[in-house]
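As C-alpha cells, the structure follows; a few thoughts come after it.
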Amino acid sequence: MSTGPEPVDERTPDDEVVEGELLDPAVEAPGEVDDGEVNEEISVETLVTDLERLAVEREQFLDAYRRTQADFENFRKQAQRRQEDQVARLVGGLVERLLPVLDACDAAMAHGATAEVEPIASALLGALEKEGLVRIDPIGEPFDPTVAEAVVHEPGDGGEHVVSEVMRAGYSWHGRVLRPAMVKVTD
C-alpha cells in the first residue's frame with residue numbers, strides 16, 4: 001500500500017553523483033573555463049591584487065601601531081616628568097617650611113647660645129644640603145637682585161653695589177631660589 005506518490009528522480013544519465021551530492025555539469029568549477037582548462041591568469045591577477053591590498057593594509061596597521069607606541073612612550077615620559085616635578089615641589093615646600101627653624105637657630109646663635117644650638121643647626125642644614133639646599137650668604141659679593149633683597153642702603157665709595165651685611169640668609173633648592181637673602185648694600 002502506498003500512502004502517496006513516490007518521489008521522482010529528476011537526474012539524467014549524464015549527471016554524476018559523488019558521495020551523495022549531485023554535480024551539475026552545467027555549473028563550472030571555480031577557475032575553469034568552458035573547455036576544462038584552469039584559468040591561471042585570472043586567479044594570479046586576483047592573488048596579486050589581494051596581496052598588494054594586504055601589504056598596503058599591513059603597512060597602515062604597522063604605521064598606526066608605531067605611532068601608538070611612540071605616543072605611549074611620550075605619555076609615559078611626560079607623566080614621569082610631571083611626577084618628578086610634583087615631588088620636587090612638595091619637597092621644596094617642606095624645605096620652605098623648615099627655613100624658619102634654621103632662622104631661629106641662626107638667631108639663637110647670634111644671641112650667644114652657640115654651644116647649645118650649633119650642633120642641631122649644623123645637623124639640620126647638613127641633611128638638607130645633601131638633598132640640594134644651598135645657603136645664599138653673599139657677604140662681600142656684588143649685589144645680585146635675583147638672589148638677594150636689599151633692605152638697607154649705605155653710601156660708600158661710589159662704586160658698584162656690594163653686599164656689606166646679611167641680615168637673613170637666603171636659600172635655593174636645586175637651583176631655584178626659595179627665599180632671597182635680606183642684605184645691607186654699600187655703594
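Bear in mind these aren't lab numbers, they're just calculated from the coordinates by the rules spelled out. Remember, predicted model here, so these are calculated numbers, not experimental data. In this analysis, Cβ positions are derived from the backbone assuming ideal geometry, glycine residues included, and neighbour counts consider all displayed protein chains.
As a proxy for reagent exposure, ranking Val185, Val166, Val48 by other Cβ atoms within 10 Å from fewest up yields Val48, Val166, Val185. Restricting the GluC sites (Glu not before Pro) of region 135-187 to loop positions (DSSP other than H, G, I, E, B) with no more than 15 neighbouring Cβ atoms within 10 Å leaves Glu160.
Its relative contact order, with pairs defined as Cα atoms under 8 Å and 6+ residues apart, puts region 133-187 at 46 percent. The residue among Phe72, Ala110, Val151 whose Cα reaches farthest toward the positive pole of the charge dipole of region 48-171, with charges on the beta-carbon of Lys, Arg, Asp and Glu, is Phe72.
What is the distance in Å between the Cα centroid of region 59-73 and that of region 102-163? The distance from the Cα centre of region 59-73 to that of region 102-163 comes to 54 Å.
The simple Förster model, with R0 at 45 Å and r as the Cβ-Cβ distance, assigns Ala113 and Arg66 a FRET efficiency of 0.10. Here's how it looks for Leu178: its modeled amide H is under 5 Å from those of Tyr171, Ser172, Trp173, which are all 5 or more places away or on a different chain. The charge dipole of region 122-187, taken about the Cα centre with unit charges on the Cβ atoms of Lys, Arg (+1) and Asp, Glu (-1), comes to about 420 debye, rounded to the nearest 20. For Ala148, the residues whose modelled amide H falls within less than 5 Å of its own, excluding neighbours fewer than 5 places apart on the same chain, are Ala181.
Close amide H partners of Gly132, meaning residues 5 or more places away or on another chain with modelled amide H under 5 Å apart, do not exist here. Convex hull volume per residue, computed on the Cα atoms of region 133-187, equals 59 Å³. Take the Cβ atoms of Glu84 and Glu149, set R0 to 41 Å, and the FRET efficiency comes out at 0.85.
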